[in-house]
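J.: Below is the structure I would like to discuss, written out as structure tokens.
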Amino acid sequence: MFSSRLPWQSQLNRISEAVQQRRSQGKEILDLTESNPTRAGLQYPPSALTLADPRAALYIPEPAGLLEARESISAYYSARRQTVSP
């Protein structure tokens, strides 16, 4: 949802139209605006990364932090008779 205080244009521009057309045709798109390195299609040898958890190879930002970590913190405080929502 966009702010109603600014005059947002809802129609597609020429670049957006071209991208939409290529995607609908199943053509490859080299997106130079992709800011997530794990989705940019960079190729590297598997030996370049030694990870205990393969999820670490993906960048998926979560502003509140990983749910797993928040649940662990909540359990820590729960064991001390304090309620903290994950």
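J.: What nm distance separates the two modelled labels at residue 82 and residue 30, each placed 7 Å from Cα along Cα→Cβ?
T.: 5.3 nm
J.: Moving to a separate point now. Rounding to the nearest 10 and keeping the result within 0 to 90°, find how far the Cα-based axis of helix 14-24 lies from the longest principal axis of the chain.
T.: Long axis of 14-24 versus the principal axis of the chain: about 80 degrees.
J.: Could you work out which residue, out of 45, 61, 37, moves most in a Gaussian network model of the chain, that is, has the largest mean-square fluctuation with Cα springs under 10 Å?
T.: 45
J.: Candidates (i) 3, 12, 21, 21, 18, 15, 9, 2, 0; (ii) 3, 17, 30, 28, 16, 5, 1; (iii) 3, 9, 10, 11, 12, 14, 12, 11, 8, 5, 3, 1; which is the computed P(r) over Cα pairs in 5 Å bins from 0, in percent?
T.: (iii)
J.: Now for a different question. About the Cα centre of the chain, what is the dipole size in debye to 20, counting +1 per Lys and Arg Cβ and -1 per Asp and Glu Cβ, all else neutral?
T.: It works out to roughly 220 debye.
J.: Which order do 70, 5 take by accessible area at a 1.4 Å probe, largest first?
T.: 5, 70
J.: All other residues with a Cβ under 15 Å from the Cβ of residue 69 taken together, and with Lys, Arg as +1 and Asp, Glu as -1, what is their net charge?
T.: Local charge sum for residue 69: -2.
J.: Using r as the Cβ-Cβ distance of residue 48 and residue 3, and R0 as 41 Å, what FRET efficiency do you calculate, to the nearest 0.05?
T.: Calculated value: 0.45.
The values are calculated or read from the model by the stated rules, or taken from the named source; none is laboratory data. In this text, all values refer to a predicted model and were calculated from it rather than measured experimentally. FYI the Cβ positions are ideal-geometry reconstructions off the backbone, even for glycines, and counts take in every protein chain you see. Only protein heavy atoms, including side chains, enter the accessible area calculation; ligands, DNA and RNA are left aside. Shrake-Rupley method; radii C 1.70, N 1.55, O 1.52, S 1.80 Å.
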